Amino acid sequence: MAMAAENLVDENPNIAEHKIIARDVSVYYGEAQALKSVALDIGRNQVTSLIGPSGCGKSTFLRCLNRMNDVIDGCRVVGDITLDGEDIYDPKLDVVQLRARVGMVFQKPNPFPKSIYDNIAYGPRIHGLGEAKADTDEIVERSLTRAGLWKEVKDRLDKPGTGLSGGQQQRLCIARAIAVNPEVILMDEPCSALDPIATARIEELIDELRENFTIVIVTHSMQQAARVSQRTAFFHLGDLVECGDTQQLFTNPNDERTQGYITGRFG
Amino acid sequence: MTETSASAAPIQRPDLSGARLKRRYAAEARFRLYGLIAVFAAIGTLVLLLTSIISNGYTAFAQHHIALEVTFDEAEIDPTGEREYNVLRRANYQGIARASLRGSFPDVTERRAKRALVGLMSGSADQTLRDIVLANPDVIGTTQTVWVKASDDLDSFMKGHISRDVPESDRRIKDRDIGWIDQLIADERIESQFNTTFFTAGDSREPEQAGIWGATVGSFLMLFVTLVLSFPIGVLSAIYLEEFAPKNRWTDLIEVNINNLAAVPSIVFGLLGLAVFLNFFGLPRSAPLVGGMVLALMTLPTIIIAARAALKAVPPSIREAALGVGASKLQAVTHHVLPLAMPGILTGTILGAAQALGETAPLLMIGMVAFIVDIPGGFTDSATALPVQIYLWADSPERAFVEKTSAAIMVLLAFLVVMNAVAVLLRKRFERRW
């Protein structure tokens, strides 16, 4: 697998442009194949959105990128995925370090049942960032500010994170993810549990975060994909049907399945 | 074709007639009634049990005492006059106590009558006198009024457990004894006092000298061993099985076996303890250490099952959140999952411990059913346990042990209620929402 990854790098001269390169990625849950030989490049400092009907494999693909699928019993991933040219399925690679580089925001806001402060400070603490209290304070403030939550919660950092509203909780989770300064942030339908106003806040935030992070977002809302992403990939029944420039994919898709999905004929 | 036939068929509206409604209401009312009957049956049984125990046992917390005019004669107690400890300790207090009581009834002269008279007083009267002298040697040479314990028969008679109306041949207190007792009552020299001995002494053949403290200490030494062994082992196995072990045929087999072990009759664990701990490893008989080890084996499955359930109840989103920020699996478990599962684990552990505290059968097999007077001082001393003490007293023929048995049950129940209350409090206190 390590060999294959090296070959892959040779075949892709534009590695500087692509943060993550996936080739021939198939995922099996027991006997069932959830993802069929997907090849996808994720652009550096870009927002890439993954769309498609339920059960098409887009979340599965996202969870391959930080090896979150390892946790699921009976899940098997084959193929090559590289992060900056490094094979992330290399047996020698430490999963914990990978996840520090590739952060994740989940569908349902899942703050720890601890204070807002501890929610943010937890990641830096376990990775040895900000040993001193003052450093941690600074990380907490910076992360919350970047997530656009600082003004709302600065007076109640010791209150439980679970006491915030749904939209605030999700921004807290984003702040938690960026507190460890990852290179990539994976977002799995981050707005599906939020109202339109909170959704708009998060979308703005994603656009701002693009400057410093590479973002991959799974979404059910095609409008959202069109608004926040530069590139879009359309999945259908475990196949990557089409991937391209967001503008182009939504206005002039190459595949008729894509056409059918974005015009609302199925899905 | 299907569409035309569908539209042609008459539309069936739901039957909203009063008859259906009445039937539904009647069914609901009936169900509620059955529920109430069940609850009241349960409460009624509980009340019956508690009333019977309390009405039988509350008298054991009091004990009748007899006042003696005791002359602490120097020639009798300390002929040398040096107030030396060993001399004071060995003096004939029995004789002094008997002489004092006989002194109150100068007209009793016949030998057998004198012995019967002295029998009204507990055999522990000499200890009472000795304690007074040793605590304060200055009483020697004076005459004091001393309250000594009455015998169990006198105590039972005073508490009304022995009736005057029964023919004399059928009761332990004879008519002559009643005459003396009446005279003592007339002189206001019989009094009911709080029975401290019951809470401070070990077991005894004499009911008025028997106490529950020895068994209580034995029980808690045992419980300590049980918890020290079963809590860490149980919680660690639960964490490993729930969070780390792969789900395959082997772990399924282990799970089935743990559930089976929880249902194994406790006497079987006692036999195991007898065969392994006593016969093979040669550990001491009747020791809280062995009792605790046997009860730990018995409690382990309960703790493992409770801990696994508590861990399973922590939502997976918490684990994902921790792993997502780059925590290792162990960090995710120890920092996030375990603290959230702790109230459930502790509740399960306390319930397991309460079960262990009330367990008798396995202790019978490892010799904790012995008659032990001394308060155990360590884990390898001979000891007995609360439920075993109840069993022993329930087996004793003296009338006064009946109330002692019920009182011991009350003490055991009190400990169980306290433990369960702590379990509830812990759950309330540490419950967190997510």
Any chance you could get the radius of gyration and Dmax over the Cα atoms of the protein assembly as shown, in Å?
-> 39.7, 127
Probe 1.4 Å, protein heavy atoms only - accessible area per residue of the protein assembly as shown in square angstrom | 50 Å²
Just grab the label-to-label distance for B:F371 and B:N136, each label 7 Å out from Cα along the Cβ direction, in nm (one decimal).
-> 3.6 nm
Dipole magnitude of the stretch B:213-430, debye to nearest 20 (Cβ charges: Lys/Arg +1, Asp/Glu -1, about Cα centre) | 580 debye
Per residue, how big is the convex hull around the C-alpha atoms of the stretch B:341-387? Give it to me in cubic angstrom, could you?
-> 99 Å³
Spin-label proximity, B:I267 to the stretch B:343-371 - amide N less than 15 Å from point 7 Å beyond Cα toward beta carbon = B:360-367
By a straight-distance test (C-alpha under 28 Å), which lysines pair with A:K58 as possible cross-link partners, with residues fewer than eight away in the same chain excluded?
-> A:K19, A:K36, A:K92, A:K108, B:K247, B:K312, B:K329
Which whole-number percent gives the relative contact order of chain B, counting Cα pairs below 8 Å spaced six or more residues apart?
-> 19 percent
So which lysines pass the test for B:K114, namely a Cα distance under 27 Å, with those fewer than 8 places away in the same chain ruled out?
-> B:K149, B:K159, B:K174
Lys, Arg +1 and Asp, Glu -1 on Cβ, resulting dipole of chain A about Cα centre, debye, nearest 20 | 860 debye
How would you classify the stretch A:5-140 from its alpha-carbon gyration tensor, with a ≥ b ≥ c the square roots of the eigenvalues: rounded for a/c under 1.5, else prolate if a/b is greater than b/c, otherwise oblate?
-> prolate
For the stretch B:50-132, the percent of accessible surface on carbon and sulfur atoms (probe 1.4 angstrom, ligands and nucleic acids excluded) is 48 percent
Once both labels are modelled 7 Å past Cα along the beta-carbon direction, what's the B:R249-B:A75 spacing in nm?
-> 9.5 nm
Relative contact order as a percentage, chain A, C-alpha pairs under 8 Å and 6+ apart, gives 26 percent
Take the alpha-carbon positions of the stretch B:61-164, form their convex hull, and give its projected area averaged over all directions (one quarter of the hull surface) in nm².
-> 7.6 nm²
Place +1 on the Cβ of every Lys and Arg and -1 on the Cβ of every Asp and Glu in the protein assembly as shown, take the dipole about the Cα centre, and give the residue among B:A26, B:G202, A:V71 whose Cα lies farthest towards its positive end.
-> B:A26
May I ask you to derive the relative contact order of the stretch B:213-430, considering only C-alpha pairs under 8 Å and at least 6 residues apart, and to give it as an integer percent?
-> 31 percent
Around A:R201, with a cut-off of 15 angstrom between Cβ atoms, what is the net charge of the other residues, counting Lys and Arg +1 and Asp and Glu -1?
-> -2
So what's the projected area for the stretch B:294-370, the Cα convex hull averaged over all directions, in nm²?
-> 5.6 nm²
Work out which residues of the stretch A:92-129 lose at minimum 20 square angstrom of accessible surface when the other protein chains are put back, relative to the chain isolated, with a 1.4 angstrom probe, and list them by number.
-> A:V96, A:R99, A:F106, A:N110, A:F112, A:P113, A:K114, A:Y122, A:I126
Rounded to two decimals, what is Rg over Rh for chain A when you use alpha-carbon atoms and the Kirkwood radius?
-> 0.97
The stretch B:122-199, Rg to Rh (Cα coordinates; Rh as Kirkwood inverse mean 1/r) = 1.05
Among the residues of the stretch A:156-174, which ones have their accessible area go down by 20 Å² or more when all the protein chains sit together, as opposed to their chain alone (1.4 Å probe)?
-> A:T162
How many angstrom lie between the C-alpha centres of the stretch B:163-212 and the stretch B:217-260?
-> 51 Å
Given the stretch B:369-434, what whole percent of its Cα pairs are spread farther than 13 Å?
-> 72 percent
Under the 7 Å Cα-to-Cβ spin-label approximation, B:F280 and B:R30 lie apart by a distance in nanometres of 5.7 nm
Starting from one equal scatterer on each C-alpha and no solvent at all, send me the Debye-based log10 I(q)/I(0) for the stretch A:38-105 at q = 0.12, 0.22 Å⁻¹, two decimals.
-> -0.32, -1.16
Figure the gain on full extension for A:R156 and A:S37 (residue separation times 0.36 nm, minus the Cα-Cα span) and round it to one decimal in nm.
-> 38.1 nm
If you bin the C-alpha pair distances of chain B every 20 Å from 0, what whole percents do you get?
-> 19, 36, 27, 13, 3, 1, 0
Chain A: antiparallel bridges as % of DSSP beta bridges, rounded to 5, reads 60 percent
Protein heavy-atom accessible area occluded, A/B pair - total, 1.4 Å probe, Å² | 1700 Å²
Most fluctuating residue of A:G30, A:G85, A:G167 in a GNM of chain A with Cα springs under 10 Å: which is it?
-> A:G30
Largest first, how would A:D207, B:D153 line up by accessible area (1.4 Å probe)?
-> A:D207, B:D153
For the stretch B:303-345, state which residues have at least 30 Å² less accessible area in the presence of all protein chains than in their chain by itself, taking the probe as 1.4 Å and leaving out ligands, DNA and RNA.
-> B:S317, B:I318, B:E320, B:A321, B:L323, B:G324, B:V325, B:G326, B:H335, B:H336
What longest range of chain A stays clear of loop-exposed trypsin sites (Lys or Arg not before Pro) (DSSP non-H/G/I/E/B, at most 12 other C-beta within 10 angstrom)?
-> A:93-264
Dipole of the protein assembly as shown, Cα-centred, from +1 at each Lys and Arg C-beta and -1 at each Asp and Glu C-beta, to the nearest 20 debye?
-> 1800 debye
With a 1.4 angstrom probe the carbon and sulfur portion of accessible area for the stretch B:213-430, in percent, totals 71 percent
If you build the Cα gyration tensor of the stretch B:213-430 and take the root of 5 times each eigenvalue, what three semi-axes come out, in whole angstrom, biggest first?
-> 37, 20, 14
Hey, can you list the DSSP H helices of chain B whose Cα span along the axis is 30 Å or longer and whose average Kyte-Doolittle score is at least 1.0?
-> B:213-239, B:288-312, B:400-430
Accessible area of A:V71, 1.4 Å probe, to the nearest 10 Å²?
-> 70 Å²
Built amide H within the under 5 Å cut-off of B:G202, gap 5+ | B:G211, B:G214
So in the protein assembly as shown, what percent of DSSP beta bridges are antiparallel if you round to the nearest 5?
-> 70 percent
Could you pull the accessible area for B:V373 with a 1.4 Å probe, rounded to 10 Å²?
-> 80 Å²
Taking only the Cα positions of the stretch A:191-247, the convex hull volume per residue in Å³ is 91 Å³
Expressed as a percent, the accessible surface of chain A that is carbon or sulfur, using a 1.4 Å probe and the full set of protein chains, is 47 percent
Value of Rg to Rh for the stretch B:175-255 (Rh from inverse mean 1/r over Cα pairs, i.e. Kirkwood) | 1.51
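The values are calculated or read from the model by the stated rules, or taken from the named source; none is laboratory data. Remember, predicted model here, so these are calculated numbers, not experimental data. Note: ideal-geometry Cβ built from the backbone for every residue, glycine included; neighbour counts use all protein chains shown. Protein only, heavy atoms only, side chains kept; ligands, DNA and RNA dropped before computing areas. Shrake-Rupley method; radii C 1.70, N 1.55, O 1.52, S 1.80 Å.
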